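Let me begin by presenting the structure, written as C-alpha cells, before commenting on it.
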Amino acid sequence: GLARAGNGRIRIATWSFKDWKVARALVAAHNRGASVQVVAAKAANKGSGPWRYLRKRLGKRLYKPGHPTTRDLVSFARQCRGACRGPGGTAHAKYFLFDRVGARRARAITFNTSMNLTRFGYKKQWNQAQVMKSQGVYNDFMATFRQARIGRPASRPYRTRKVGNVVDYFFPRPRARATQDPVMHILR
C-alpha cells in the first residue's frame, strides 16, 4: 500500500472537500503508485460524501504501523480541528503541492489558492491562485504541510520566509493584534 520512493507526490491542504471528480482523481493517482496526502478541516467536511470516500480509500494513518519512516510514502486523508497547526481558528489554508507528476514528471509545483473544493466555490465565489515552479517555495510549503498533517499546534505556527523574490506567509498568528496584521502592513 506504499508508494515507491521515486513515484509522484501529491499534497493538499484545504478547508472544505466536497468534489467527487477530485476525490476520484486522487484515488486513481494513489492506485497508480503516487503518494497522496490530504489534510482538511473536520468541521467543514461533516456529511461530505467525497471526503468520506477519500478517507475510506486512502486511509487515515500518518505512517504504516511499525514503520514511522514511511510518512512521506503512505497515502492518507486526515482531518484536523482548529487551524491544524495553530491553537483555535480554522484550517483555512488551501494549497496543492505536486512533485514528479504528469507525463513530464514535473517537479516542485506549488499551487496556492483561495479556492474551496466545492461546487459553490467553483460557481459562486471569487477565487485567485498563484502557481510556482520553485524548489524553495515547494520546500517551504512542504515544511508547513508536514506540521499540518500531524494535527497538533506547532510551537511557532506563524512564520514568514523569503524565497527569491517571493515571500511566503504562514498563519495563524496567535495573540496578534489588528495593528500587527501583516496583510494590512503590506496594503499600507
For V38, which sequence-distant residues (separation of 5 or more, or a different chain) have an amide H within less than 5 Å of its own amide H, given hydrogens modelled in the peptide plane? I12, F76, A77, R78
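If you roll a 1.4 Å probe over the heavy atoms of the protein chains, what accessible area per residue do you get for the chain, in Å²? Working shown, then result.
Numbers: 10940 Å² over 188 residues.
Heavy-atom SASA per residue in the chain reads 58 Å².
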What ranking, highest mean first, results for peptides 10-18, 101-109, 45-53 when packing means the other Cβ atoms within 10 Å averaged over each residue? 10-18, 45-53, 101-109
When the helix-only estimate is applied to the chain (DSSP H runs of n ≥ 4, each -39,500 (n - 2.57), divided by the residue count), what is the mean residue ellipticity at 222 nm, nearest 500 deg cm²/dmol? -7500 deg cm²/dmol
Taking a ≥ b ≥ c as the square roots of the Cα gyration tensor eigenvalues, with a/c under 1.5 meaning rounded and otherwise prolate when a/b beats b/c, else oblate, which class fits region 1-89? oblate
Checked region 99-175 with the C-alpha gyration tensor, a ≥ b ≥ c its square-rooted eigenvalues, rounded below a/c of 1.5, otherwise prolate if a/b is larger than b/c and oblate if not; verdict oblate
Reach of K60 by Cα under 24 Å, taken over lysines that are not fewer than 8 positions away in the same chain: K18, K21, K42, K46, K94
Everything considered on the Cα gyration tensor (a ≥ b ≥ c; rounded for a/c under 1.5, else prolate if a/b is larger than b/c, else oblate), region 38-93 must be described as oblate
Can you tell me how much longer the chain between Q125 and K64 gets when fully stretched, taken as 0.36 nm per residue apart minus their C-alpha distance, in nm with one decimal? 18.1 nm
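For the chain, which whole percent of the accessible surface, found with a 1.4 angstrom probe, sits on carbon and sulfur atoms?
On the way: 5760 of 10940 Å².
In the chain, the share of accessible area belonging to carbon and sulfur is 53 percent.
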In the chain the DSSP beta bridges are antiparallel at a rate, in percent to nearest 5, of 65
Tell me, what ³J(HN,Hα) does each residue in region 130-142 have, in order and in whole Hz, if you take phi through Karplus 6.51 cos²θ - 1.76 cosθ + 1.60 with θ = phi - 60° and put x for Gly and Pro? 10, 10, 10, 10, 8, 5, x, 5, 4, 4, 5, 5, 4
If packing is taken as the mean number of other Cβ atoms within 10 Å per residue, what is the order of 140-148, 153-161, 123-131, highest first? 140-148, 153-161, 123-131
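The values are calculated or read from the model by the stated rules, or taken from the named source; none is laboratory data. What you see is a predicted model; the values in this text were computed from it and never measured. No Cβ is skipped: glycine too gets one built from the backbone with ideal geometry, and neighbour counts run over all protein chains shown. Just so you know, the surface numbers come from the protein's heavy atoms only, side chains and all, with ligands and any DNA or RNA stripped out. Shrake-Rupley method; radii C 1.70, N 1.55, O 1.52, S 1.80 Å.
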